[in-house]
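Just so it is clear, none of the values below were taken in a lab; they were calculated from the coordinates. Fair warning: this is a prediction, and the values are worked out from it, not measured in the lab. When we count neighbours, we look across all protein chains shown, and the Cβ atoms used for this are built from the backbone with ideal geometry, even at glycine.
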Amino acid sequence: MIPVSSSNLYKIIFVVLALAGLLIGGMYASQLKFVNDDAFISFRYARNAVNGFGLVYNVGEKVEGYTNFLWTMLIAAGMKLQIEPVKFSEVLGIFFYLCTLSLFCAISWKLNPRRSSGLFVIPLTAVCLAVHRDFSVYATSGLETSFYTFLISALFACMLFGRSRTSLLLSGFIVVLAMMTRPDGIIFLMASAFYVVLKRKNVAGNLFALFLPVVLLFLPYWFWRYSYFGAFFPNTYYAKSIDQAYYARGIWYVIVYVQTYYILLLIPVIGFIYLVRKIRSTSQTQTLNESWKEFSEGSESHPFVLSALFILIQLFYVIRIGGDFMFARFLIPITPMLFFALEQLTLRQRKTLLYVSLCAAVIAGTAFRNNLFYNRDAISYIADEFQWYPDSHLERAKAQAAMLRKMFEGIPVRVGFIGEQAQLMYYLDPALAIECAGGLTDSAIAHQKISVRGRPGHEKHASLEYLQKRRVQFLFDQYYQLPTSRIPRLVTFNNFAAYIITYDDSVMSRLASNKQIAFVDFKSYLDSYITRADSLPAETVQEDFQSFQDYYFRYNNDPARENALTMRLNTTR
């Protein structure tokens, strides 16, 4: 039997723990896979691009209703290869999730003061990410979160270990990919630039290397998207009022995350203890300032400084914009850095038993989070998206779309919908679809002004007048507050209820032959109304006539009924 040294034994243990983390993480992410409604907005853009209609949500309308260009292009590439987007996004998401875990395994091994001493090493960050419920949830979702998080993590690693101009060029290239995946990736470019200023010599030359890929690659992309869409920012920037600070909601968003993952509170606790111990260990010949200068300028401080920059700049951004209605999602990109900072602090513990005990406590505290969403899928405006979109939700959307597609066969319908029906819109594929609860895909709705803040991303609503102006026929939103009127707007497609926004007789007469569709024939309704119009007050008839114009007469040639109502109004003036 070949003897195994303690150093080799610790290496074996590290590899086993790293592989176990990857296995557990992969299984956990697969178990928690789901697809979010917003993903289907990107899917529709990708499908229209592949089908030759351009990067649009509605054919002929150039509105940048996504914030994940590079992810949308990846999905489009999969579609081009005839790969179904839901499955493709799940595979891609879990792949980049495992890449992030693997990256932090490598970082833990390389940047570890215990390794050189042959001491016990645990890939703490990777293991914690593997058992982190929401990090695993957003391994999928159909959104770009996992891909974006990997890019930010790769940027972090490159900035941490890179010492040459070439490494800064690579960092600049990675940040360009991140900014093309999400526009807010620019904040990590700022964090990286601050790090160069604080920790590198020849600041001007290093900054030039970092920003060169941005100038050569991102600026041409930005000018292309500006010329294509005609807007400085993506439409979602305006839809979600990113220009308006919303600190109260943003602070609450962060608090809910920290309450859930309470183990992160160990960062300031252990950090304070570490600093106190550093001060106490100051030699008699050194002043406190000299000791601090030695620490801050030495390589030991690099992981802490870079982690702090990435974490703080993202926290400020999230707090300022009011967080998000999706729990944890906007904090997922810095979750690896949070646990990395905690890992670096635990590594500074002198006794192996204390180090192992702290690691065990951190892993257990991450796995056994404080589940604030137990028996509820939302807290205030923040939703646990995984609970909102089980597999049954997707299957129901597919079934409803199949039913409606059959009913609308040959009819170019124009519909309004709310965000959670983006799945339905993707599979129904109407000629026109307008997202009415935020204006994500419609620039007119997105550019509305708001005076009172509410749920982020759900504060701007399409008015009835606007939907009628766009000749929307049906509104698939049972919660929409329609103005009070005598118009019978309800329509049911088998068991699916909607509102009629504009009554196009050429469409409704075709639908009337389907016994599964129920609505009031408006021509018959008008005939009945005309017969009793003389008994109604003139003001009522005038008000109703205006509603009838917006609902029916502007879209149908019916002079007999229109003249009958006009004559009634003329006789009372």
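Viscosity 0.890 mPa s, temperature 25 °C: Stokes-Einstein D of the stretch 445-508 from its Kirkwood Cα radius, in µm² per second? My calculation gives 182 µm²/s for D. With each label modelled as a point 7 angstrom along the Cα→C-beta vector, the residue 228-residue 274 pair spans 4.3 nm.
Counting Lys +1, Arg +1, Asp -1, Glu -1, what net charge surrounds residue 487 among other residues with beta carbon under 12 Å of its beta carbon? Mind showing how you got there, number by number?
Numbers: positive: 486, 489; negative: 543, 544, 550.
In short, -1.
Checking the Cα-Cα distances for 201/351; 201/240; 469/523 against a 30 Å cut-off, the pairs over it are 201/351; 201/240.
A straight Cα-to-Cα reach below 24 Å connects residue 80 with the lysines 33, 62, 398, residues fewer than 8 places away in its own chain not being considered. If you fit an axis through the alpha-carbon atoms of helix 247-260 and take the longest principal axis of the Cα set of the chain, what angle between them do you get, 0 to 90°, nearest 10? It is inclined by approximately 60 degrees.
For the stretch 297-456, what is the convex hull volume of its Cα atoms per residue in Å³? All intermediate terms of the calculation are to be shown ahead of the outcome.
Values: hull volume 28.4 nm³, N = 160.
Dividing the Cα hull volume of the stretch 297-456 by its residue count gives 178 Å³.
Each of 44, 163, 568, 471 has some number of other Cβ atoms within 10 Å of its Cβ, and from fewest to most they run 163, 471, 568, 44. What residues of the stretch 546-571 lie in the reach of a label at residue 536, counting those whose backbone N is under 19 Å from a point 7 Å from the Cα along Cα→Cβ? Residues 546-556, 558-571 fall inside that zone. Straight Cα distances below 20 angstrom link residue 87 to the aspartates and glutamates 37, 38, 134, 144, 385, 391, 395, 420, 429, with same-chain residues fewer than 8 positions distant left out. Annotation for the stretch 136-157 versus the stretch 449-485: alpha-carbon center distance of 33 Å. Rounded to the nearest 10 degrees, the inclination of helix 165-181 to the longest alpha-carbon principal axis of the chain is 20 degrees.
Using only the Cα atoms, work out Rg/Rh for the stretch 310-359, with Rh taken as the Kirkwood radius, to two decimals. Don't skip to the end; give the middle numbers.
Values: Rg = 14.7 Å, Rh = 12.5 Å.
Radius of gyration relative to Kirkwood radius: 1.17.
Could you work out the per residue convex hull volume over the alpha carbons of the stretch 525-571, in cubic angstrom? Present the calculation step by step, with values, prior to reporting the outcome.
Values: hull volume 3.1 nm³, N = 47.
Considering the Cα atoms of the stretch 525-571, their hull volume per residue is 66 Å³.
What is the set of long-range amide H partners of residue 477 at a cut-off below 5 Å, with H atoms built 1.01 Å from backbone N? Distant-sequence amide H within range of residue 477: 499. For the stretch 27-185, the Cα-based Rg and Dmax, in that order, read 17.9, 64 Å. Extending 7 Å from the Cα toward the beta-carbon at both residue 510 and residue 468 defines two label points whose distance is 2.4 nm. Roughly speaking, what is the centre-to-centre gap between the stretch 328-391 and the stretch 313-327 when only Cα atoms are used, to the nearest Å? The two parts, judged by their Cα centres, are 17 Å apart. Between residue 406 and residue 369, the modelled label-to-label distance comes to 4.1 nm, taking each label 7 Å out from Cα in the direction of the beta carbon. The separation of the stretch 220-262 from the stretch 166-184, counted between C-alpha centres, amounts to 19 Å.
Determine the gain in length on full extension of the stretch residue 212-residue 353; use 0.36 nm per residue of separation and subtract their C-alpha separation, reporting nm with one decimal. Please list the in-between numbers first.
Details: separation 141, 0.36 × 141 = 50.76 nm, distance 4.72 nm.
Taking 0.36 nm per residue and subtracting the Cα distance, the gain is 46.0 nm.
Only Cα sites of the chain enter the Debye sum here, all with the same form factor; the resulting log10 I(q)/I(0) across q = 0.07 1/Å is -0.51, listed in q order.
Give me the dipole magnitude in Debye, nearest 20, for the stretch 391-520 about the Cα centre, with unit charges on the beta carbon: positive for Lys and Arg, negative for Asp and Glu.
240
Using Cβ contacts closer than 10 Å as the measure, can you line up 16, 91 from fewest to most? Provide the component values of the computation, followed by the final result.
Details: 16 10, 91 14.
Listed from fewest to most nearby Cβ atoms, that is 16, 91.
The alpha carbons of the stretch 407-558 stretch over 48, 39, 26 Å along the principal axes, in descending order.
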